[in-house]
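Beneath this line is the structure, given in structure tokens, with notes to follow.
FYI, it's all coordinate maths here, none of it is from the lab. Because the structure is a prediction, the values reported are computed rather than measured.
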Amino acid sequence: MTPTVSAAAGYKWRLVIAYDGTHYAGWQYQQSPPTIQCTLEKALTRATKLERKDLVLVGASRTDRGVHAWAQVAHFVTPFNYDNLASIHAALNGLLPSDIRVREISPAVPEFHARFSAKSKVYHYKIYNDSIMDPFQRRYAYHSIYKLNTVVMREAASYFVGKHDFSAFVNASHNDGVPDPVKTIFRFDVIEMGALLQLEVEGSGFLYRQVRNMVALLLQIGKEALPRDIVPMILASRDRKELAKYALAAPPHGLCLVTVKYSEEHLRLPSGCPNTSFGRHHTVSKCKLPFY
């Protein structure tokens, strides 16, 4: 059965957003310093002529200060439908600064929730492992001048896979109250691409700074400053102070939210709504100037 949207309940729209988080204080709304959510809401209020309270913008992940995203997912609502989404898509990207782009905009079923409908999230953490830093990687990869042993890092990362209490790997946060510390890690891969190491972790969800804390411990193990079996020991402690004896959180600029996964049911397009917009190309029918 094709899902429908009731006009009385409003219309829900799903966004896929990419951003360079260098100059932002994370996703979560606050006026100063600027955040991704605040900047996006300002563009949405201008494009839709609605107030912030009416849009009810929600993001899938509350990325931290300096963290990037290739596919952050968010949703907002409007009391009206659109005939097509290409125009509002172009308007949003025209209003947003160049370090934030809406990659996709699509109609969403009423049951869809950017945060609570997510089945898993995938983060990448990049490490540039060479004596000299590549200047083109400096904003998106952590520079390790110590030669890392990727074999032991891979073995240590495997201890994180499965369902665990990650209390030892969470920093205190004022946003979530007392979150459930039990999360499931589906995979944790260490991939070598020349001097660049890409740590890919997929989980049911992540606690505040959990990924950066896991990466920090793996870095110490990769330097061979710690044994690989320290991971289960710290997990079993369920004590953040235990991890703090060995490692501080890895810097935020190496971290990127790459994918948020949902069930097919939540991604179905409702009837009576426009197709997904992936942006539109502009064409020139006739070239008026010669090329030299």
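For n ≥ 4 DSSP H runs only, could you compute -39500 (n - 2.57) per run for the chain, divide by its residues and tell me the 222 nm figure to the nearest 500? Don't skip to the answer; put the middle values down first.
Values: 8 runs with 66 residues, N = 292.
Helix contribution divided over all residues of the chain: -6000 deg cm²/dmol.
Could you give me D for the stretch 38-97, from Stokes-Einstein at 20 °C and 1.002 mPa s, where the hydrodynamic radius is the Kirkwood radius over C-alpha pairs? Units µm² s⁻¹, please.
169
Relative contact order of the stretch 140-292: what whole-number percent is it, with Cα pairs under 8 angstrom and at least 6 residues apart?
28
Read phi for every residue in the stretch 51-68 and hand back ³J(HN,Hα) as whole Hz from Karplus 6.51 cos²θ - 1.76 cosθ + 1.60, θ = phi - 60°, with x for Gly and Pro.
7, 4, 5, 7, 6, 6, 5, 10, x, 6, 9, 8, 4, 7, 3, x, 8, 9
Could you give the length gained on full extension between Val151 and Glu264, defined as 0.36 nm per residue of separation minus the Cα-Cα distance, in nm?
In short, 37.0 nm is gained.
Identify all aspartates and glutamates with a Cα-Cα distance to Lys119 below 15 Å; exclude those on the same chain that are fewer than 8 residues away in sequence.
By straight Cα distance, Lys119 reaches Glu111, Glu202, Glu264, Glu265.
Which whole-number value in Å³ per residue fits the convex hull of the alpha carbons of the stretch 1-117? Let's see the in-between values first.
Numbers: hull volume 12.2 nm³, N = 117.
Taking the convex hull of the Cα positions in the stretch 1-117, it is 104 Å³ per residue.
Which whole-number percent is the relative contact order of the chain (Cα, under 8 Å, 6+ apart)?
26
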